[in-house]
1. Could you rank the peptides 54-62, 94-102 by their average count of other C-beta atoms within 10 Å per residue, with the highest value first?
2. From the square roots a ≥ b ≥ c of the eigenvalues of the alpha-carbon gyration tensor of the range 46-117, which class results: rounded (a/c under 1.5), prolate (a/b over b/c), or oblate?
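Where a number appears in this text, it was derived from the coordinates with a stated rule and is not lab data. Because the structure is a prediction, the values reported are computed rather than measured. Here the Cβ is made from the backbone with ideal geometry for all residues, glycine too, and neighbour counts use every protein chain on show.
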Amino acid sequence: MKLNLTLGFAAPTLLVSAMALGNTSMGTLSAQSEGGARPTHQEAQAAEKQEVTGRIEAVDQDQSVVQVQGTSVPIVTTSSTRYSRGLSFKSLKPGMEVKIVAVLRSDGKLEALEVRSA
């Protein structure tokens with residue numbers, strides 16, 4: 001029997017594996033901090049995905065952030081962000097049409113999981 005629980009409270013991400021006494025069943029408990037610890041890419045993928053399609057308004061090379069017209073939320077890229085063939089963060093320019101699959105982070109920004117040409 002596998003037990004997966006996710007609890008939110010102010011503590012760093014915690015992963016606990018325990019064996020039930022007299023039983024070889026394993027259980028997993030994970031807790032994610034709401035106070036600042038960033039979710040892992042896998043945790044982010046498990047969150048509700050959002051699609052943002054539109055023209056890039058601005059690119060901040062220093063912060064790895066893009067702003068898409070019609071959205072008020074900055075979209076952060078990470079080393080885990082996947083790009084379609086021929087694209088990279090450095091190739092993103094204002095005016096380009098893109099489709100971005102992202103998840104909302106606890107800091108209010110979107111984290112890009114995938115970036116494609118629209």
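1. The most tightly packed comes first, giving 94-102, 54-62.
2. Taking the square roots of the gyration eigenvalues as a ≥ b ≥ c, the range 46-117 is rounded.
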